[in-house]
1. Counting DSSP beta bridges with both partners in the range 208-339, what percentage is antiparallel, nearest 5?
2. Between their Cα atoms, which of 81/154; 141/209; 14/141; 14/154; 91/234; 209/294 are more than 25 Å away from each other?
3. How much length is gained on full extension from residue 19 to residue 332, taking 0.36 nm per residue of separation minus their Cα-Cα distance?
4. Between residue 11 and residue 248, what is the label-to-label distance in nm when each label sits 7 Å out along the Cα-to-Cβ direction?
5. Provide the percentage of antiparallel DSSP beta bridges, counting only those with both residues in the range 1-206; round to the nearest 5.
6. Put one equal scatterer on each alpha carbon of the range 208-339, apply the Debye formula with no solvent term, and list log10 I(q)/I(0) at q = 0.22 1/Å to two decimals.
7. Once the piece of chain linking residue 374 and residue 187 is laid out straight, how much longer is it, given 0.36 nm per residue of separation minus the C-alpha distance between them?
8. Apply 1/(1 + (r/R0)^6) to the Cβ-Cβ distance of residue 219 and residue 287, taking R0 = 25 Å, and write down the FRET efficiency to the nearest 0.05.
Amino acid sequence: MVLLCSTAGTELFKQFVLQVMCYPNGYVISDVPWGLDRVRTDCLKSDALKTEDALIVFVDYYEDQKTLEPRAVYLPLRRVKIVNARNYAGKLLLDLRTDDFVYYGPDVARVYDADREGTAVSVPPAQRWNERIGAQDGVLKAIATSPNTAMRYKDFPSWQSGGMFVLQLRDTAGEPGLDFAAPPDVRAQHNDWRSVVDRIAPAWQMQGKLFYQLDLFESASKTPRSLAGTFGGKTVYGVASGDCVELLLHFYFGAGVDRHGLVQTLLEVTTDPTYLAIVGNTSIQIYPNQSAGKIETLQLVLKPQLAEAFTRVRMQQRSADTATGAALATVEIYLRILPRRLFISILVGLFFAGSFLNALPQDLGTLTSNAGWVAKLLGSLLMAGAFWIGFSKLPSKGG
């Protein structure tokens with residue numbers, strides 16, 4: 001398994017963590033960059049990474065109670081599959097297909113609490129995530145900025161994050177691999193996602209961040225939409241012209257997070273009205289006192305059309321004041337709108353029948369000349385119906 005580590009030292013890294021927590025299973029996060037100087041040598045060959053299982057790990061730092069030095073804590077977020085890897089301009093670019101979140105169950109949570117307090121706890125080795133990841137050669141940890149400088153957690157110029165962001169997880173001889181399994185009901189109720197948020201939200205580096213996740217459902221069956229695939233490295237959802245799908249957004253601050261001083265935050269959902277309309281609240285208000293979370297459901301109504309089209313739904317923070325409001329991730333999902341075959345079949349059939357009747361001679365032999373005019377009139381009506389269906393399905397600007 002490949003470890004893909006990230007800190008939250010810059011806003012770019014924080015946005016990556018928020019997006020990892022936001023996208024549904026099966027979504028491809030494309031072109032995630034890592035500097036080649038922070039990738040271990042055995043992972044530099046892109047062919048060695050393709051189709052590899054990977055684990056995204058958030059690396060946080062806290063103050064050791066005895067030495068006052070910074071200590072790293074390794075917090076897995078979710079499993080991913082590396083579907084593409086390439087080196088470009090000094091960067092390792094990875095396309096990651098998201099998989100299940102890890103689950104911080106009672107045993108795992110006790111281990112992390114004991115590690116921070118410097119106490120011992122008896123749990124199976126497969127549940128000791130922090131210890132096993134921290135024992136890897138070259139993993140991220142705090143290093144002194146100068147050989148003659150003593151590291152102190154609160155003296156930030158005295159230390160920095162050193163080590164590798166991308167490395168292989170080496171299994172310890174005689175010990176099982178890390179266990180990230182979760183009970184089925186935990187997965188079904190998205191409590192695995194909540195457990196991860198509860199663990200990383202209190203981190204000093206993630207203060208003032210608001211976590212949310214999205215999913216796309218068929219309005220009738222409430223089942224997740226199947227991903228149509230990737231186009232140009234982007235994941236798209238296949239929908240049919242005239243369909244109505246539901247976009248579900250679940251917001252959560254995390255348990256034990258200090259929300260003092262935070263004010264209302266707005267998430268704005270926008271799209272191109274040429275191809276679809278949104279039924280619901282497109283400016284979603286989130287307040288810090290909603291400790292249990294907030295759920296919003298929007299209806300996406302695809303407008304009828306006769307040609308394949310691509311569009312996107314964008315979610316971004318509307319408020320420019322991020323100093324007093326929680327910061328959210330900017331996320332886009334792409335839709336591939338396919339025309340309904342029935343519409344096209346009816347259109348072609350009417351047009352062909354109308355053209356055939358108009359092409360008949362006025363004198364139909366043994367029939368009277370009035371029959372020819374009736375055929376041409378009927379053909380014209382069929383042609384008019386074909387044109388009406390065609391023009392009514394063409395996309396138009398506006399809501």
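No value in this document is a laboratory result; all are computed from the given coordinates. Just so it is clear, the model here is predicted, and its values are computed rather than measured. We place every Cβ from the backbone using ideal geometry, glycine too, and count neighbours over all the protein chains shown.
1. Beta bridges within the range 208-339, antiparallel portion: roughly 85 percent.
2. From 81/154; 141/209; 14/141; 14/154; 91/234; 209/294, over 25 Å: 81/154.
3. 111.7 nm
4. Going from the residue 11 label point to the residue 248 one covers 3.2 nm.
5. 85
6. Treating every Cα as an identical point scatterer, log10 I(q)/I(0) equals -1.28.
7. In short, 60.8 nm is gained.
8. After rounding, the FRET efficiency stands at 0.35.
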